[in-house]
Amino acid sequence: MAALEKILAAAGRAQLKGVLTDQARLAGVGNAYSDEALWTAGLSPFKPAAGLSAAQTASLHAALVGVLTAARDSAAGLAAGELKAEKKANLAVHGRAGSPCPRCGDTVREVSFADRALQYCPTCQTGGRTLADRRLSRLLK
Ligand SMILES: [Zn+2]
């Protein structure tokens, strides 16, 4: 928790999604699990890292621990070839754009970047706002 607070404070206005997946800042959280943890904590992927309240930081910390622990537990005992399907089956929002959010039923949305995409629930994470798709916005300029 203290370690996460330091990382977030040091990241300043950098967006949560980028900070969580930056292996130099926080090792071991990839694209999928950062989407899941942000959804679990109810935080926007684009929120500035240093802008979290103490309660939001605690919630994000619990979400990261919970998501990673659940992933480890569900992977235990599986053969390498089964891991990908098992991981996918347990994801709430990552890779599920267009599907209903398991918590509120809103449609899971996606923001695409050049090399990857993130998924989130507008109702659970952004106060109902749909985030601009950066790739599409650039094309429309
Ligand atoms: Zn939702």
Hull-based mean projected area of the chain, where the convex hull spans the alpha carbons, in square nanometres = 9.2 nm²
Residues meeting the amide H criterion for Thr107 (H placed from the backbone, H to H distance under 5 Å, 5 or more places apart or on another chain) are Cys101
How many nm separate the modelled label positions at Ala117 and Arg129, each set 7 Å beyond the Cα in the direction of the Cβ?
-> 2.2 nm
In the chain, which whole DSSP H runs stretch at least 27 Å along their own axis (Cα) and average -0.5 or higher on the Kyte-Doolittle scale?
-> 54-75
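A short reminder: the numbers here are calculations on the coordinates, not readings from a lab. The shown structure was predicted, so the numbers you read here are calculated from the model rather than taken from an experiment. With ideal geometry, Cβ positions are generated from the backbone for all residues, glycine too; neighbour counts draw on all protein chains shown.
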